[in-house]
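Take this structure first; my questions come after.
Just so it is clear, none of the values below were taken in a lab; they were calculated from the coordinates. Quick caveat, the model's predicted, so the values are computed rather than measured. Cβ sites come from the backbone with ideal geometry, for glycine too, and all protein chains shown count toward neighbours.
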């Protein structure tokens with residue numbers, strides 16, 4: 001194969017390139033998306049230059065890029081401060097042990113303010129916790145409802161009533177319950193983290209639940225008949241027949257749940273003051289400095305990009321575990 005590749009003449013290579021250009025694949029893969037991005041940036045720049053606010057001109061692409069660089073520099077400076085703090089702590093502990101080998105050494109954590117990158121990580125951990133809680137409930141409950149029409153009829157009114165409830169309505173109730181039942185003193189999670197995660201779970205529960213029910217109820221009757229002929233036990237029936245057949249719809253629900261949870265998270269963090277992207281946006285809005293609008297726009301773009309990547313991650317996972325080949329075309 002290598003020798004054949006070496007025998008290709010420059011003329012043949014040129015013909016291959018021309019054929020590829022005629023195919024137009026490069027247009028679809030590269031040029032069209034780039035044109036769309038450039039058009040968006042131009043419209044953004046033109047609109048931003050004509051909007052004046054109480055904090056100054058609305059930030060355009062150039063101002064936003066400057067704030068991206070500023071946030072990156074702040075992150076580096078904060079990491080340098082943390083490294084210097086831990087170095088001083090090690091030196092202090094070493095001197096204390098040198099003076100008294102039996103001295104009690106206390107480990108202290110750096111308490112500097114979280115950077116933009118730290119807040120992104122906090123938001124990702126929060127939405128992951130809420131997403132996990134929701135789907136540990138939604139998938140088993142959806143399977144049970146799909147297999148039993150009686151249970152579905154009993155729970156459907158509750159599902160339909162709770163499904164459209166806004167996170168802004170859930171959050172005060174969640175905050176009161178967590179405050180009454182959970183102590184954050186020397187505990188694993190802060191109350192603000194739990195408030196945000198549980199609110200996210202309550203809002204992204206429903207897409208997975210409903211899609212799981214639909215997937216289970218629409219299983220091919222031939223598969224159900226095969227299970228009956230083979231006299232499979234209920235658990236084996238669920239594991240071998242129900243779950244594999246319902247996987248495409250379950251993953252549709254998971255993707256919708258993750259998108260819903262990511263959108264809900266920002267509002268939840270604003271109100272719960274969980275140190276994530278929502279709190280970053282709220283703090284910058286309250287700060288009211290000349291750079292606040294640019295920083296908020298950085299957060300908006302980061303939220304959108306992360307949401308896009310999370311959806312692509314779920315789609316990739318679906319392709320690996322699902323027999324639904326139409327997922328490859330989405």
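Relative contact order for the range 116-329: what percent, with Cα pairs under 8 Å and sequence separation of 6 or more? It would help to have the intermediate numbers written out before the result.
Working: 250 pairs, mean separation 58.9, N = 214.
Computed over the range 116-329, the figure is 28 percent.
Could you compute the FRET efficiency for residue 226 and residue 312, with r as their C-beta to C-beta distance and R0 at 35 Å, rounded to 0.05? Could the numbers behind the result be given before it?
Values: r = 35 Å, r/R0 = 1.01.
The computed FRET efficiency comes out at 0.50.
Sticking with this one: Determine the shape class of the range 171-330: with a ≥ b ≥ c the square roots of the Cα gyration tensor eigenvalues, call it rounded for a/c under 1.5, and otherwise prolate if a/b is greater than b/c, oblate otherwise. Before the final figure, lay out the partial values.
Numbers: a/c = 3.78, a/b = 1.87, b/c = 2.02.
Oblate, since a/c reaches 1.5 and b/c is not below a/b.
Name the most mobile residue of 215, 307, 150, meaning the one with the largest mean-square fluctuation, in a Gaussian network model of the chain with Cα contacts below 10 Å.
In this elastic network of the chain, the residue with the biggest mean-square fluctuation among 215, 307, 150 is 150.
Another question about this same structure. Most exposed first by the Cβ proxy, i.e. fewest other Cβ within 10 Å, how do 145, 204, 47 rank?
Details: 145 23, 204 30, 47 11.
The fewest-first ordering by Cβ neighbours comes to 47, 145, 204.
Next up: With a ≥ b ≥ c taken as the square roots of the eigenvalues of the C-alpha gyration tensor of the range 126-241, please select rounded if a/c is under 1.5 and otherwise prolate if a/b is larger than b/c or oblate if it is not? Please report the intermediate quantities before stating the final value.
Values: a/c = 3.30, a/b = 2.19, b/c = 1.51.
It is prolate, given that a/c is not under 1.5 and a/b is the larger ratio.
May I pose another question? Using only the Cα atoms of the chain, build the gyration tensor, take square roots of its eigenvalues as a ≥ b ≥ c, and label the shape rounded, prolate or oblate: rounded if a/c is under 1.5, else prolate if a/b is larger than b/c, else oblate. Intermediate results must be reported in sequence, preceding the final value.
Numbers: a/c = 1.62, a/b = 1.12, b/c = 1.44.
In terms of gyration-tensor shape, oblate.
By per-residue mean of other Cβ atoms within 10 Å, what is the highest-first order of 195-202, 136-143?
Working: 195-202: 28.1, 136-143: 18.5.
Ranking the peptides 195-202, 136-143 by packing returns 195-202, 136-143.
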